[in-house]
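Working notes, structure below.
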Amino acid sequence: MERREHGGVVGPVILISLGVIFLLNNLGLLDWGIWQTVLRLWPVLLIGAGLDLLIGRRSALGSLVVAILLLGVLAGAIWLHTTQPFGAARAPETVRQALDGATRAEVTISPGVGELTIGPLADGELLLEGNIDLAQGETLRPEAARSGNALIYTLSTDQHEWNWGPWGVDRIWAVSLNPDIPLKLMVDVGVGTAELDLSELTLSQLEASSGVGRMVVTLPRQGDLEATIDGGIGELIIRIPAGVPARVTADSGLTALNASPAFDRRGDSYYTANYAGADDRIDVFVKLGIGRIRIEAASSP
């Protein structure tokens, strides 16, 4: 007798699960950092696919068992994310870079995976100072070079072990930058969250990207700036300080977009009331594949 095979359930269950997570994200019931946890659990999907081939396609009962197992993995990911800290990293490393007479700088910060915060630095003799969490087998790679009066600085790591398992390391990068010299800033976060408080910095150019997760960018209170902010999956929040002339142009893709009533919408762009005719103003280009974009008017300090 021929054995009747049923269609696989792994694909549909994954799609339904991702849809549930997106729905909870958009309703504000689950933060976008959950995606870091979900990606840590990717080996379980391989197990689910194997079980689906082994028992899921042989009977309706087998399909039901595999579906329940995969949904259990989703529930476990949410539980791990909301209640359990990940494994401890090595003791944080401190990194410092002196200006050494430079009057401007180009800075690239690439944590890859984890949590990044950027803010202003109090020590005027330094370009950058930070505390960096590293995983076992990971080496911090700061690189500095001079080009005329400009200091070219890159902060990244040589990641030998990614710690993608569910009990991997939560990597936190806390970085402060000199607020008094013009900066060209590039930030690249692969998976995780980023809180970029640039309100006190002197930026001439900004390029910030996030693969999966949440990024909050508070733009400078003064200066003439062109910024590009993009993401793959997650939430992008753009904050414009009060009184700053600004235009935000958004390519929202499959995303929800919410803007403060303080902005005047014209097509895909959102303008502050004082943008037209301003000498120093901010132009922001935002692009997100899937998730949510929020454009907010930041309150005065």
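A few notes on this one:
- Each Lys or Arg adds one and each Asp or Glu subtracts one; over the other residues with Cβ under 14 Å from the Cβ of PHE263, this totals +2.
- The eigenvalues of the Cα gyration tensor, multiplied by 5 and square-rooted, give the range 217-266 an equivalent ellipsoid with semi-axes of 20, 14, 10 Å from largest to smallest.
Laboratory data are not the source of any read-out in this text; all were calculated from the coordinates shown. These numbers come from a predicted model, not from an experiment. Virtual Cβ from ideal backbone geometry, glycine too; neighbours counted across all protein chains shown.
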